[in-house]
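Data block below; observations after.
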Amino acid sequence: MDKTTISKTTKTITVTIFLMACFTIYMYYDSTKNLFSKFTGAHVQINNISTKNCLSFLKMHNYECTSNITLDKHLIATSKEQEEPDTILLIWMWPFGTSFGLRPCSSAFKIHGCHLTNDRGLFNQAHGVMFHHRDISGDLSNMPQLPRPALQKWVWWNMESPTNTNPIPLLNDLFNLTSSYRWDSDIPVPYGRITERTEEEKKYTIPKKDKLVCWIVSHYSPDLKRSHYYTELVKFINVSTYGRHFNNPVNDKEYSNIVSSCKFYLSFENSIHRDYVTEKLFNALAIGAVPVVIGPPRENYELFIPSKAFIHVDDFPSPKELADHLTLLDQNEELYMQYFTWRERFVSKRTSFGLEHACWICDHIRRNKHYKVVKDLRSWFWG
């Protein structure tokens with residue numbers, strides 16, 4: 001017998017022995033699959049190892065290998081069958097009595113598995129119920145009168161600052177979750193955010209300017225910090241003013257046109273609280289004005305936006321020094337343009353009031369099923 005014949009015989013014997021080994025492993029696996037069926041991970045691992053080794057060995061010797069192993073039904077269930085049912089979030093009361101429309105969270109914010117409703121008939125089926133603080137009666141008479149299902153989450157929702165929110169003593173121990181502008185909420189939803197810009201948004205150009213400083217305000221109180229500061233600031237620089245307080249109301253379109261035509265916009269908050277940074281800031285950034293802010297400290301703002309995207313009044317000893325700085329920037333285009341370098345990579349977007357909050361709340365409830373209760377809401381928010 002020549003060497004070639006011996007080689008072919010040896011190869012045939014080797015392949016035959018390996019196939020018998022594969023068959024033995026499979027028969028052993030098949031006879032014991034009831035034992036391993038309780039441990040899906042082990043079940044899949046044995047199947048994968050034996051099949052993989054068989055395939056790799058035969059491929060090396062130019063053979064073909066087919067597998068006809070039947071998997072347990074639970075391993076080949078469709079993804080639809082494996083998905084849990086939609087999380088139902090019930091909006092118990094419309095904020096300020098105004099509907100915000102219940103568009104699907106999937107199309108609006110790419111949040112899946114959520115069903116928003118205002119149908120109180122679904123109370124017992126709802127996984128969560130959302131309550132707007134400003135619309136809750138002091139005696140809780142407009143809250144659900146039915147017993148709360150054991151696993152249902154009640155969510156306290158409020159976007160106003162503590163200064164503009166009246167505490168209700170009966171709310172302690174009533175809620176499971178909080179949602180507000182504050183970062184330490186269970187579900188924080190700020191008034192806006194800085195996000196990476198898209199290809200389309202890269203076409204942005206800074207709007208033409210014909211005004212130096214602008215301020216639009218409707219609710220004016222002489223006792224507020226922003227009012228005191230404005231009174232001093234206008235002594236040193238011209239401010240174009242709009243809004244009901246100045247008998248010069250503007251609509252949404254006029255608002256955008258006015259703000260975009262200003263080099264600087266006074267994004268002055270009506271009260272000073274941690275994380276209370278509202279649309280006054282994010283609108284100015286989005287429209288194309290440099291915001292001059294009154295609010296929490298600069299360090300707090302820098303959690304939300306780039307440090308060189310805004311001017312904080314606290315950076316200057318007095319309104320006069322701020323006015324001098326704004327005048328300098330007006331006269332030096334290169335220095336002024338530095339406040340727009342952040343636009344090379346980012347854009348400012350305002351939160352969709354109501355709908356976005358509901359979607360993020362629903363998504364949180366869907367992903368977090370652990371037990372929680374808000375023991376002392378008053379101390380946490382107003383303390």
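Since every read-out is calculated from the coordinates, none of them should be taken as a lab result. Predicted model only: the values in this text are computed from it and were never measured. For neighbour counting, all protein chains shown are included, and Cβ atoms are generated from backbone atoms with ideal geometry for every residue, glycine included.
Annotations
- The Cβ shell under 14 Å around residue 335 holds other residues with a net charge of -2, Lys and Arg each +1, Asp and Glu each -1.
- Of 211/253; 202/253; 235/263, those spanning more than 21 Å from alpha-carbon to alpha-carbon: 202/253
- Shape class of the stretch 312-383 from the Cα gyration tensor (axes a ≥ b ≥ c, square roots of the eigenvalues): oblate, since a/c reaches 1.5 or more and a/b does not exceed b/c.
- Straight-line reach from residue 375: taking Cα to Cα under 12 Å and skipping same-chain neighbours fewer than 8 places apart, the aspartates and glutamates in range are 173.
- Shape class for the stretch 173-217: oblate, because the ratio a/c of the largest to smallest gyration tensor axis (alpha-carbon atoms, square roots of eigenvalues) is 1.5 or more and b/c is at least a/b.
- Note on the stretch 133-228: Rg/Rh from C-alpha atoms, Kirkwood Rh, equals 1.13.
- For the stretch 307-345, trypsin sites (Lys or Arg not before Pro) are listed when DSSP marks them as loop and at most 16 other Cβ atoms sit within 10 Å of their Cβ; the list is 345.
- Applying a DSSP loop filter and a limit of 16 other Cβ atoms within 10 Å to the chymotrypsin sites (Phe, Trp or Tyr not before Pro) in the stretch 156-233 leaves 183, 204, 220.
- Dipole of the stretch 289-369, positive end: most advanced residue of 323, 300, 352 [Cβ charges, Cα centre]: 352
- A straight line joining the Cα centroids of the stretch 325-373 and the stretch 147-212 runs 11 Å.
- Cα gyration tensor category, rounded, prolate or oblate, for the stretch 192-350 with a/c compared to 1.5: rounded
- Other residues within the sphere of radius under 14 Å centred on the Cβ of residue 126, judged by their own Cβ, net out at +2 (K and R +1, D and E -1).
- Whole-Hz couplings from phi, Karplus 6.51/-1.76/1.60, listed for the stretch 189-206; x for Gly and Pro: 9, x, 5, x, 7, 9, 10, 5, 7, 8, 4, 5, 6, 6, 7, 4, 10, 5
- Proximal charge balance of residue 346 [Cβ under 10 Å; K/R count +1, D/E count -1]: +2
- Karplus 3J(HN,Hα) series, Hz, for the stretch 145-151 with 6.51 cos²θ - 1.76 cosθ + 1.60 (x for Gly, Pro): 9, 7, x, 6, x, 4, 9
- Once C-alpha pairs closer than 8 Å and six or more residues apart are averaged by separation and normalised to the residue number of the stretch 192-350, the relative contact order reads 30 percent.
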